[in-house]
Each structure stands twice: as structure tokens, then as C-alpha cells.
Amino acid sequence: MNLSDFGRRFQAYSGITHLMDDLAEGMAQPGTIMLGGGNPATIPEVVAVFEAVLDKLRDSGKLVSTLANYDAPQGKASFLETLADFFKQQCGWNITSRNIALTHGSQSSFFILFNSFAGSSRGVIKRVLIPLVPEYLGYCDVGIEADLITSQQAKIQQLGKGFFKYQIDFEKLQVDDSVGLICVSRPTNPSGNVLTDDECQQLDRIAHHHNVPLLIDNAYGTPFPNIIFDDVNPFWNENCIVCMSLSKLGLPGARTGIVVANEEVIRYFSNMTAITSLAPAGIGAEIVNQLILDEALLPLCHDLIRPFYKGRAELAIALLRQAIDDSRLHIHKPEGSMFLWLWFEGLSIDTSELYQRLKRNGLLVVPGKYFFPGQGDDVGEHAESCVRMNYVQSEQELAKGIEILARELKRCW
Ligand SMILES: Cc1ncc(COP(=O)(O)O)c(C=O)c1O
């Protein structure tokens, strides 16, 4: 193949593709306990709600009409109207449907946003600033140009009883004219950290001051899917771009992302969608539109989704504390998302090697080093001492997996 620079960039076998292949290979082994991936849990009561909505849409003819028609490039108009009212009511945002665009999932939103606000611009290279790593590994390779991301390691706040929390190190954070976009996930995949309202306000001031947008990736956040365990305020203003998704509600196959931004950004997004894919998918929009109209979306999140993940997080922590009675195990305070972030202090090996050993013993987790976009190859000792594990699996699987982890850690400590 005679590929262009663009083609060659995406032809490269990235570390993440390698990890994903490796995880898939591990998953193919029968009996492997999969605490590695990011698939949301299949919660039977939630599935029942989706099935009931699909029945309703089929009976009213909307299921067929949504599949048989293209929506506008900005997304399904009826859903945009419903969402604007919903966000106004639930979050107090002063928006209309002209402030919202749908995409083929948040990952494709990031691809457009990162490459639109960062990269070469009139002879200058602009970068995406991630003010706190560890951060979502999906950001790592979306740049059409190399080295699109720059980042700052988090400050560690010890909370006692074996818990810690990451904070933005504002004293060290360097923001200059080379920054084109600031990006955070809230809650954060992988650590379950939730930036405080105060941290968001400080970032917002910095973004305003430098005249760059602040992207808040709200894939797990409020008001939906609401996998967030403490009360924090949703954050948006004309300089913010909030990215949401239907995936963690339980609809990753619907490939639907939601972007809330000022009208100029939304017009730009719609043009991009028209050129790259004509229109976003309509089925997820139709399902969630119906859920909002039936006033069923918030109860689904508050009564089913959030308690499920909160319960699983508590269970996983209890199992970990029982199996690993060692003060060198530190757990990031789980404030949201679907992962625990574990820090093993003083290991004799790094967690990439630990990952290989666990895999041989039938357990998949993800080594910490993949979650440090913008830090280059030398991610540092802390990154190499951490792993991410999900807690969406059954109690038996969690217990079995944690037993394997505890055994291997004893050998390495
Ligand atoms: C923080 C975060 N943002 C975005 C996404 C991707 O969402 P989508 O399925 O809408 O592309 C994920 C998926 O795991 C995620 O963890």
C-alpha cells in the first residue's frame, strides 16, 4: 500500500492496539477472569427497560422509521430538542438544540476535537493539555500528528486507611500559547477520580485566560449514566465542550456520543459529520429520547445503574482488603466510573511484568503505564506500580481474580 502520512500514522501498531490484541487473546482462553476491559455491565433490570422501549418504538413504527432514514448531520432533531430541555432542567445550562450535536460515540468526538484544536496551525504546533494523568487511554493515539498530547502528573493526596486521591498539581501545570485544548475526564477512567468543582473552576479560568476550550469528558458523569458516587455539579459554559455518551448507560453498540458546546463549535461539528459520515446513528437517540419523554431515564440511572456500580466497587474493595492485608496496597478512592486503580508500592517488578504473570494465571487487568498520555515512554515509577481493574464481573469472578492477584503479589513483594 502506498499510504499518505495520515495513512502511515494509523497503520502503525500502537501500544494500545497491542494491548487490545493481547487482552483479546487472553479473553479467548476459556476460564480467564476479565477484569481488564471497559465494557459496561449487563444489568438485567436495565436490559429489561431497553427491551420495553424497543417494543414501544416498534409498535409505534418509530423503530423502522429511525432505521430507514438518515438524520441531519447534527443528529436526530427531536432528540436534540428533548436533550436541550433536559440539560436545562437537570443542569441549569442555558442552551438550546443549537448547542448540541450527536456523533458516532465519544471516541469519534475526541478524534475530531483533538485534531481540530491541536496540531499544526500556521506554522505553530498546538497541543492538547491533559492536566492530570493517569487519564483515559483512548486519548493516546487519536492525533493525526505525533506528540499531540502534553500532560502533568497528578499530586497524590493520602486519605488514610489505604486510600488516596489524585489532585491537579496547579503549581506545576504549565500552560502557554502552545496549548490548543485542555481535556479531562470526569469521572476519570482509569482511577475513578472525580475532579472537584473547585478544580473545574480553576481549569475553566485557565482555559478562558488562554482562550482555549476546556473539554470535559463526561462519559460516566451526571446526569446520565450517573456512575458517580459523590454529589458534584455538572459543569458547562460557552467555553466548555462537554462530551457525553450512551455507552455507559449500557448501549455501547448504539455508537452514540453527545457534544454540548457553543453554537460555532456545533456548526463546525455538523459540517465535519456531513463530510466524514453524512449523519450520526439514530437508534440510540430514539431509545433515549423515549426514555426522557417517559421520565424513565433518571430513575434508570439513580435506582439501577449507580447502585449497581457503587455496590460492586464496595464489594471489590472488601475482597481486596480481605485477600491483600498489606499496607503497600493503596486504592484510589472510588468516586465514579467502573474501575479500581490499585497502587502496589515497592514491587520487585513493574506492573507490565505483573500483567504477564497474572495473564498466565488466568487473570486480566491493565498495566498502569498505558494511562499516562503525554508522558512519553518514561512514565515513571508510580505509573509502573499501578494497575486498573474493572468491577463489572460477578462476585465469584471478582473473588477468584483477586485471589490470583493476592497470590502473585505475595511473590513479588
Ligand atoms: C473516559 C471515557 N471516555 C469515553 C469513552 C468512549 O465512549 P464511546 O463508547 O462513546 O466512544 C470511554 C470508553 O471506555 C471512556 O472510558
**region 113-160, residues that are in a loop (DSSP other than H, G, I, E, B), of a type in the set (D, E, K, R) and at pLDDT 95 or above** = E135
**Prompt:** What is the one condition in (1) in contact (Cβ under 8 Å) with a residue 24 or more places away in the chain; (2) more than 8 Å from the ligand (Cβ to nearest atom); (3) of a type in the set (D, E) that D231 does not satisfy?
**Reply:** (1)
**Residues (surrounded by 14 or more Cβ atoms within 10 Å (Cβ to Cβ) and either in contact with a Leu (Cβ under 8 Å, 6 or more places away or on another chain) or farther than 13 Å from V259 by Cα (or both)) located in region 89-100** = Q90, C91, W93, S97, I100
**Fill in**
Out of (1) crowded, with 23+ Cβ neighbours inside 10 Å; (2) more than 16 Å from the ligand (Cβ to nearest atom); (3) closer than 24 Å to G180 by Cβ, the one N271 does not meet is (1)
**Where a residue in region 97-121 is in the same structural domain as P252 (by TED's automatic domain parsing) and farther than 21 Å from G180 by Cβ and its partner, wherever it lies, is part of a strand (DSSP E or B) and of a type outside the set (A, V, I, L, M), with Cβ under 8 Å and at least six apart** = L102/G257; H104/G257; G105/S245; G105/G257
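Here is a yes/no grid of residues against (1) among the aliphatic types (A, V, I, L, M); (2) surrounded by 22 or more Cβ atoms within 10 Å (Cβ to Cβ):
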site	(1), (2)
K76	no, yes
L83	yes, yes
L102	yes, yes
S121	no, no
**Message:** Tell me yes or no: at least one residue of region 44-62 is touching an Asp or Glu at 6+ places or on another chain (Cβ under 9 Å), outside the structural domain of M20 (by TED's automatic domain parsing) and farther than 30 Å from V392 by Cβ.
**Reply:** yes
**region 378-405 residues that are basic (K, R), paired with ones that are crowded, with 21+ Cβ neighbours inside 10 Å and in a strand (DSSP E or B) (beta carbon under 9 Å, 6 or more apart)** = R388/F339; R388/L340; R388/W341; R388/L342; R388/V366; R388/P367; K400/I33; K400/L363
**Asked** What's the number of the condition N226 fails, among (1) in contact with a strand residue (DSSP E or B) (Cβ under 7 Å, 6 or more places away or on another chain); (2) within 15 Å of the ligand (Cβ to nearest atom)?
**Response** (1)
**Asked** Given region 184-264, what strands (runs of 3 or more DSSP E) lie entirely inside it while holding 1 or more residues that are touching a Lys or Arg at 6+ places or on another chain (Cβ under 8 Å) and closer than 20 Å to Q90 by Cα?
**Response** 214-217
**Asked** How many of the residues making up region 279-327 are over 14 Å from G162 (Cβ atoms), in contact with a strand residue (DSSP E or B) (Cβ under 9 Å, 6 or more places away or on another chain), aliphatic (A, V, I, L, M) and assigned by TED's automatic domain parsing to the domain that holds G38?
**Response** 1
**Request:** Residues being closer than 15 Å to L80 by Cβ and under 20 Å from the mean Cα position of the chain (by Cα): count how many of those fall in region 246-268.
**Result:** 7
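The values are calculated or read from the model by the stated rules, or taken from the named source; none is laboratory data. None of these values were measured; they are calculated from a predicted model. Every residue, glycine as well, gets a Cβ built from its backbone with ideal geometry; the counts of neighbours run over all protein chains shown.
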